[in-house]
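The values are calculated or read from the model by the stated rules, or taken from the named source; none is laboratory data. Remember, it's a predicted structure, so these values are computed and weren't measured experimentally. Neighbour counts run over all protein chains shown; Cβ positions are idealised from the backbone, glycine included. To get the accessible areas, we keep the full protein, side chains included, count just its heavy atoms, and leave off ligands, DNA and RNA. Shrake-Rupley method; radii C 1.70, N 1.55, O 1.52, S 1.80 Å.
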Amino acid sequence: MNYPSRVMTIAGSAAGGSAGIQADLKTFQEYDVYGMSAITAIVAYHPKTGKNVHPQSIEAIEAQFSTAVKQVGVDALKTGMLFSTEVIELVAAIISDSNVDTVVVDPVMVGKLDSKLLEDDAIEALKDKLIPLASIITPNIPEASILLGGRTLDTVEQLKQAAVDLHQYGPKYVLVKGGRLKGPAVDVLYDGETLITYEAPRIDTVNTSGAGCTYSAAITAEMAKGKSVSDAVHAAKSFVTTAIANGFSYTEMVGPTYHAAARKFGEAHQIKVKGEEE
Ligand code: PXL
């Protein structure tokens, strides 16, 4: 038997099930890659104390990675919510000491309900220690803006410039996700030479919780299965667009994207791809 690729997520646990570790493992399952996890923090709102982020100890995070490596081995990994400088430094050291060469860094900063998923003083560590180790980083507009010192990003042309400038921080590829612009959902990929845009139709829904995590998990799974970065982004964007198009709401809260939608309903969403030399 051919064993499935072994894929790990280092991220926060989102108790509501739409984002974070839960989105990543559900997405990995859809791709039939073997999913493993290291939980950096538990995100769950306590109605009495109002506390929303419950960080895990450095020792617990280290133990989870070490267990996964010893019991199974890791072919590819993605990072999501890391929360603090200390965790980012640990994860950077773990990656440097490992022989994992597919590293997807989703620079998660703020949750849909405005919970703070990265401390302000951790941005520098993200830039200096982790991003240079990434095969690809996948910021959305607010994250790209913060990484670039607070730049306004309102147009696709500005997203392209942002991708070019973020590439200077050292990742192999930069994907700036333009889902928050008006009009079609345009993302920009840059590898130091060529800019590629991926365009999906705008889907009018509020049920997008976990979309970013699902997208970066799908990119990780596609890369673990051998796709090139640009093909992985193309396929993953179709996967996440289908998940968004079939998002739903159980309660009055913002609802989840439907991680199983591509399997259940087929990949209905064609992505328009355009490439140009920089
Ligand atoms: O969607 C970003 C995100 C990532 N990771 C965790 C989260 C969230 C959003 O709430 O809870 C753990």
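Apply the Kirkwood formula to segment 6-277: the hydrodynamic radius equals the inverse of the mean of 1/r over all pairs of different alpha-carbon atoms; give it in Å with one decimal.
Here the Kirkwood hydrodynamic radius works out to 18.3 Å.
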Inset, instruction - Report, in debye and to the nearest 20, how large the dipole of the chain comes out about its Cα centre when Lys and Arg carry +1 and Asp and Glu carry -1 on their Cβ. - result: 860
Inset, instruction - Could you work out the longest stretch of the chain that avoids the trypsin sites (Lys or Arg not before Pro) located in DSSP loops with at most 10 other Cβ atoms within 10 Å? - result: 52-181
Legend entry - Of all DSSP beta bridges in segment 6-277, antiparallel share, percent nearest 5: 50
Inset, instruction - Just list whichever of LYS78/LYS182; LYS129/LYS182; LYS182/LYS274; LYS160/LYS264; LYS26/LYS264 have alpha carbons separated by over 25 Å in the model shown. - result: LYS78/LYS182; LYS129/LYS182; LYS160/LYS264
Inset, instruction - Determine the share of segment 6-277's accessible area contributed by carbon and sulfur atoms, expressed in whole percent, with a 1.4 angstrom probe. - result: 51
Legend entry - Accessible area per residue, Å², segment 6-277 with all protein chains present, probe 1.4 Å: 44
Legend entry - Low-density loop cleavage sites - GluC sites (Glu not before Pro) in segment 166-244, where at most 15 other Cβ are within 10 Å (DSSP): GLU193
Inset, instruction - Would you mind pulling out the separation of the Cα centroids of segment 83-135 and segment 213-278, in Å? - result: 22
